[in-house]
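Below is one structure, written out as structure tokens, with a few remarks after it.
What follows is calculated from the coordinates using simple rules that are stated; it is not laboratory data. Small disclaimer: the values here were computed from a predicted structure and weren't measured. Glycine gets a Cβ as well: all are built from the backbone with ideal geometry, and neighbour counts include every protein chain shown.
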Amino acid sequence: MKNKKIKSLSTKIVLSTGFISFFAIIAIFTVFEKINKEAFYKIEVEKAELIVSTIEPLVSLNMYLGLDAEVENIALQLIQNPNVLAVEIFTDKKLINQKKSLEYLDEINDSFIVERDIFKPNSSVHLGTIVLVYSSENYNKLIDRYTTLIVILLVILAIVFFIFGAYVKKLLSPLKKIAKSLKNYSPKKKIKIPYIKQNNEIGLISHALNDMQKKILEYSTKQQNINQVLEKTVKEKTLELRQQLYIDTLTGLPNRLSLLNDLSAVKDGALLIINIDDFKEINDFYGHVAGDNILKKFANRLKGMFNDADHIELKRLSGDEFALFFMHKPSLEEFMYIANNLVYHVEKMVFFHENNELAIRVTVGGVFQLDGALEKADIALKSAKKQHKSFLLYDESSNIEEQYKENMEWVKKLKKAIETNNIIPYFQPIFDNQSDKIASYECLIRLIDSDQKVLSPGQFLTIAKKSRLYSKLTKLMVKKSCQYFENIECDFSINMSVEDMLDPEIVEYIKYQLEKYNVSKKIIFEILESEGIENYTEVSAFIKEMKALGCRIAIDDFGSGYSNFEHLLQLNVDYIKIDGTLIKNLDTDREAQIVVETIVDFAKRLGILTVAEFVHNTAINEKVKELFIDRSQGFYLAEPQEKALIAC
Amino acid sequence: MMKIVVTFFIFITFVHGYTYNEVLLKAQASIFPKILLLDKKLKNKLVDGKVVYTIVYEKTDYLTAKEVAKYINTEFANSLEGFTYKINLVEFSELSAHIKTSAFYVLNSEEHISNVAKIAKQMGVISFAYDVSNLKNGLLLSLMLEKSTVLYLNKNNLYTHNIDFVNVFLQMVRFIDES
């Protein structure tokens, strides 16, 4: 801390008092000087006027009586007055008497004149004028005396202020000493505060400071003890928390955070991630307590497989996932051996729960380097699970990361398209083979990307299903298609997956949109046969609900799956769309022709209309008609467009 | 011729009457009538609207009295500061309390001064004396020519009923006590 220059309070008090007094005195002095000077001047003038007014009746009487000698005498008497410089008496502007003193010439410049008219006694008749030249000497003397007095007064005041200042300084000087003694104060150090015995305000301050010092010392001691206890507790708790942070409470193994720390600390090594297959089933079947017991036992047995010299550390990453971290990089052969040996030993492990023997299997993902080890080992684990292998080593050349990246990009693109309303339906006409007129339109999903490129569903539907965006796409397609055909008198079809039909929320949404746009009688739901309709009961319920509203049902890609005719009968469909794989070579492929003929025959017997997809040239088109397929759809006839070409 | 007449009168006076200073007579003739005007109660003393100035004399001083009247007339030319005036010449022996006058001018007499003073006092009019020593016999005002002109006033008669001089006049006179 910088040493600040102390501004003395006593000096301030004295100076401020001095300044105020000085200016007050100056103001008073100035006013008084003006008033006094005027008063002094008036006094002198009044004196002169008094003289004139006193002698005027005498002069007047003498003039009246013609006693000129007496008038002369009066003038002579007047001139004896040291302040009278001259007396002049006029009768009708004629000077009849003039007397001048010896000082007249010297003091004429510093004098004033008083005039008075002379009237006849006992009358208002004007006899003449008396003029008195009066010296200002007296006035000047008065002013000089007055000024001297003021100067003396100011000097006395200055001395008084000086003494007053010194006295105030002396009175307040103990405060400085007290402050100085407090300068090096600290709660642990006891200082001696001066003037404590003085019986005045200073003494009171000193006493209060001393009391305060005692209390602070007591408080400080207490606080120090508390701090020591707190520090100890904090230390203990920190250690406990650190352990909790890095140790898994169930197994006592180091946790994922510990692994992350180790991965960043170790320069080279290897990693295995072990996942217990279908562990959820053990939890669900035997309960979580049993699951936890198995996890603990599994952890102990894994731990027992390695010793400290191996420099392999076992960690628990999550519920059923463990890791073996190789702090010293082994040879690849050794690493592969350890991994395979681990799988082998685990398969032989038997755990007991309430007299039940439980066996577990594990899948292991490994990585033989530490750069992105956790992520890569995880990828390897997932790949192993996908490929139903017990162990898989991460392969740099497998490009799995790239695929992940691409998938994520697609998810992003899909989300953005949904947000920016760039999921739109395209409409492909389906023609009636008897009249060659458009019978209906199939609504096909399209994504407009940021470059305004139109993307077909083959590029994004799989990702949409994985990322749970599929239901949103279905909703958008239902809404936009229904809205589009609200005022167009034409049938239109929408593809429905089994997943959609099983989702009650989507079913409700479809019903709402059908009602809103009043298109129940126009809409045809195309159900993909290729997906394999496993949940016939639920699908059947959906179809019944929709048909009750007046909707129609088509089986899409018929012939691609393994649908049996019995189920088809139960579903009560209106259309069968024959799969493109049967149509694309229909003009030349005899087997395809037989299958198609069978389907058409079967459909006609049931009153179901048939639709040929993938009609891509004249020959196919001719053949489709020849086989009595009711309707045709394909690029040869019309490609999907942003708008429906014409009304039906 | 004038000088011869004056010398004659002086001679006659020397033989038969009192001696009078001509300069003093002239001074008194020019000042005493003016003093009348310094009386604030002059209006009460007017006789038929006129100032009546009565010169009282011994038979032997008749010429002197006449001479005084002449001096007055010369000085004031029938108008005393706006008042018309009249000069009466009355012998001491003919003077009574019934006389109508505004003021008396009393020449010398050995016997009758006190009587005139008494009448003047009774009437409340101003009495001027040629001789200042006559103020001791009860007359009110007189004038002497010393280094300068000096007016004398009988202090005992100052507060006589019906006479009220302007204050300043009292400042310039010298007071004489009858005792």
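Here each label is just a point 7 Å from Cα along the line to Cβ, and for A:Lys544 and A:Tyr404 those points are 4.7 nm apart. Result for chain B in a Gaussian network model with C-alpha springs under 10 Å: among B:Val23, B:Val125, B:Val47, the largest mean-square fluctuation is at B:Val23. If you take all C-alpha pairs in region A:259-398, what percent of them are over 27 Å apart? When all Cα pairs of region A:259-398 are counted, 19 percent exceed 27 Å. Compactness ratio for region A:9-154: Cα radius of gyration over 2.2 N^0.38 Å (N = residue count) comes to 1.53. Taken as Cα centroids, region B:75-116 and region A:403-439 sit 162 Å apart, rounded to the nearest whole angstrom. A 21 angstrom limit on the alpha carbon distance is what I want to check against. Which of A:Lys235/A:Lys303; B:Lys40/B:Lys155; A:Lys413/A:Lys453; B:Lys26/B:Lys121; A:Lys577/A:Lys625 exceed it? In this structure, A:Lys235/A:Lys303; B:Lys26/B:Lys121 exceed 21 Å between Cα atoms. Taking Cβ atoms as reference points and 13 Å as the exclusive limit, the residues near A:Asn73 contribute a net charge of -2, counting Lys and Arg as +1 and Asp and Glu as -1.
Taking every alpha-carbon pair within region A:406-632, the share separated by more than 30 Å comes to 25 percent. For region B:21-176, the square roots of the Cα gyration tensor eigenvalues, ordered a ≥ b ≥ c, give a/c below 1.5, which places it in the rounded category. Rounded to the nearest 10 degrees, the angle from helix A:201-246 to the longest Cα principal axis of chain A is 10 degrees. At full extension, A:Glu489 and A:Asn572 could sit 27.4 nm farther apart than now, given 0.36 nm per residue minus the alpha carbon distance. Cross-link partners among lysines for A:Lys93, C-alpha distance below 23 Å, same-chain residues fewer than 8 apart left out? Qualifying lysines at Cα under 23 Å: A:Lys120. Classify region A:343-459 as rounded, prolate or oblate, taking a ≥ b ≥ c as the square roots of the eigenvalues of its Cα gyration tensor: rounded when a/c is under 1.5, otherwise prolate if a/b is larger than b/c and oblate if not. Prolate.
Its Cα gyration tensor gives region A:189-246 an equivalent ellipsoid, and the semi-axes of that ellipsoid, as √(5λ) in whole Å with the largest first, are 45, 8, 6.
Here the calculated FRET efficiency for A:Ala359 and A:Lys237, from their Cβ-Cβ distance with R0 = 30 Å, stands at 0.10, rounded to the nearest 0.05. The label-point distance for A:Met336 and A:Tyr512, in a model that sets each label 7 Å from Cα toward Cβ, rounds to 5.8 nm. Any chance you could run the full-extension gain for A:His328 through A:Tyr536? It's 0.36 nm times the residue separation minus the Cα-Cα distance, nm to one decimal. Separation in residues times 0.36 nm, less the Cα-Cα distance, equals 69.2 nm. Residues whose amide H comes within less than 5 Å of that of B:Leu80, counting only those at least five positions distant or on another chain, are B:Tyr85 (H built at 1.01 Å from N in the peptide plane).
Here A:Val454 and A:Val350 are evaluated by their C-beta separation; at R0 = 56 Å the FRET efficiency comes out at 0.40.
Pairwise Cα distances in chain A exceed 37 Å in 72 percent of cases. Counts of other chain beta carbons within 10 angstrom of each beta carbon in peptide B:32-45 average 2.
For region A:29-104, the convex hull drawn through the C-alpha positions has a volume of 107 cubic angstrom per residue.
Taking only the alpha carbons of region B:124-168, we obtain Rg and Dmax values of 10.8, 33 Å in that order. Estimated from helices alone, the mean residue ellipticity of the protein assembly as shown at 222 nm is -16000 deg cm²/dmol (sum of -39500 (n - 2.57) over DSSP H runs with n ≥ 4, per residue). Nearest 0.05, what FRET efficiency do B:Ser133 and A:Lys141 give at R0 = 35 Å with Cβ-Cβ as r? Result of the calculation: an efficiency of 0.10. Per residue of B:166-172, other chain Cβ atoms within 10 Å of the residue Cβ number 5 on average.
In chain A, the longest principal axis of the Cα atoms and the axis of helix A:590-606 are about 80 degrees apart. Amide H contacts under 5 Å for A:Val84: A:Ser135, restricted to partners 5 or more places along the chain or on a different chain, H placed in the peptide plane at 1.01 Å from N.
For labels at A:Arg256 and A:Asn307 in the simple 7 Å Cα→Cβ model, what's the distance in nm? According to this spin-label approximation, the distance is 3.4 nm. With angles folded into 0 to 90 degrees, how steeply does helix A:9-65 sit against the dominant principal axis of chain A? Use alpha carbons for both and round to 10. Between the helix axis and the principal axis of chain A, the angle is about 30 degrees.
Residue exposure proxy: B:Thr64, A:Thr420, ordered by other Cβ atoms within 10 angstrom of their Cβ from fewest to most, comes out as A:Thr420, B:Thr64. Here's the list of lysines a cross-link from A:Lys215 could span, going by alpha-carbon distance under 28 Å and ignoring same-chain residues fewer than 8 apart: A:Lys176, A:Lys177, A:Lys180, A:Lys183, A:Lys188, A:Lys189, A:Lys190, A:Lys192, A:Lys197, A:Lys232. Available extension along the chain between A:Lys215 and A:Lys177 is 11.5 nm, counting 0.36 nm per residue and deducting the alpha carbon span.
Comparing Cα centroids, region A:384-400 and region A:495-531 end up 39 angstrom apart.
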